[in-house]
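Report on the structure given below.
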Amino acid sequence: MGYARYNSFMMLRNVVLTLTLAASLFAADAALVTAKKMIAEKKYDDAITALAKSDAKSPEVKKALVDAYLGKGDTLMNDPALPPRTKYPGALKAYRTVLTYDAANAKAKTSIKTIEDIYKSMGRPIPQ
């Protein structure tokens with residue numbers, strides 16, 4: 001009778017673990033779907049906030065974070081209403097963040113170089 005009780009306990013434990021894992025995956029998928037929608041709507045900061053609660057090691061989440069930070073950087077760089085002292089540091093920070101998720105991202109590297117060249121041409125220190 002002890003073996004049967006142990007076996008029942010282990011089966012129940014496995015069911016609970018499976019349901020817990022399924023619930024966390026569903027929550028992560030929901031956050032990812034929401035974030036992708038926000039990125040499509042150009043709500044980059046909202047997408048980044050939504051993704052912050054997700055598993056940043058997941059390839060899908062990393063890709064969404066790269067897309068969100070690239071979009072944020074591009075939006076800052078191309079906003080004619082923003083003065084250079086606002087747009088360049090913010091865009092530079094966004095592009096550098098892209099490289100933390102995708103170190104080989106050519107777009108982020110090119111954009112960083114462009115901003116650094118702008119600072120160099122003005123004789124100003126590059127923001128860190």
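Values as computed for the structure displayed
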| item | result |
| --- | --- |
| Potential extension, A56-K120 segment - 0.36 nm per residue separation minus Cα distance | 19.6 nm |
| Under the Karplus curve 6.51 cos²θ - 1.76 cosθ + 1.60, θ = phi - 60°, whole-Hz ³J(HN,Hα) for segment 31-38, x wherever Gly or Pro sits | 5, 5, 4, 4, 5, 4, 5, 5 |
| Residue among P127, P80, L51 farthest towards the positive dipole end of segment 29-128, charges placed on Cβ | P127 |
| Amide H contacts under 5 Å for S58, placed H, 5+ residues apart | none |
| All lysines inside 23 Å of K53 as judged from Cα atoms, apart from same-chain residues fewer than 8 positions distant | K36, K37, K42, K43, K62, K63, K72, K93 |
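Laboratory data are not the source of any read-out in this text; all were calculated from the coordinates shown. A quick note: this is a predicted structure, and the numbers were derived from the prediction, not measured. Using ideal geometry, Cβ is built from the backbone for each residue, glycine included, and neighbour counts are taken over all protein chains shown.
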